[in-house]
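Remarks on the structure that follows.
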Amino acid sequence: MHQSGNSDTQAVDNSQRYSSRKVVSALLEVNGRGYWETSESNLQLLRDLYQEVEDRIEGIE
């Protein structure tokens, strides 16, 4: 029986963290370049989310 479920779950979680960071970073970049406009409150939410994901990647949870 395959019992690496926990490590599989951890690998997916790690992958999702990096993917989330990449998406949020891209949104912030296109806003900064003027290709996408959104409210300041949305930008702050994205900045906060980026920092949260970055902290999780670095192990600062």
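Laboratory data are not the source of any read-out in this text; all were calculated from the coordinates shown. Computed from a prediction, not measured in an experiment: that's the story for all the values here. Cβ coordinates were reconstructed from backbone atoms using ideal geometry, including for glycine residues, and neighbour counts include every protein chain displayed.
Quick notes on this structure:
- Positive-end extreme of charge dipole, the chain - chosen from N6, L28, V53 (charges on Cβ): L28
- Relative contact order (%) - the stretch 5-58, alpha-carbon pairs under 8 angstrom, separation at least six: 47
- Reported label for calculated log10 I(q)/I(0) by the Debye sum over Cα atoms at q = 0.18 Å⁻¹ given (i) -0.68; (ii) -0.58; (iii) -0.85: (i)
- Charge dipole of the chain (Cα centre as origin; +1 on each Lys and Arg Cβ, -1 on each Asp and Glu Cβ, all else neutral): 220 debye, rounded to the nearest 20.
- Here the 3J(HN,Hα) profile of the stretch 32-42, calculated from phi with Karplus coefficients 6.51, -1.76 and 1.60 at θ = phi - 60°, is x, 8, x, 8, 9, 10, 8, 6, 4, 5, 5 Hz, Gly and Pro shown as x.
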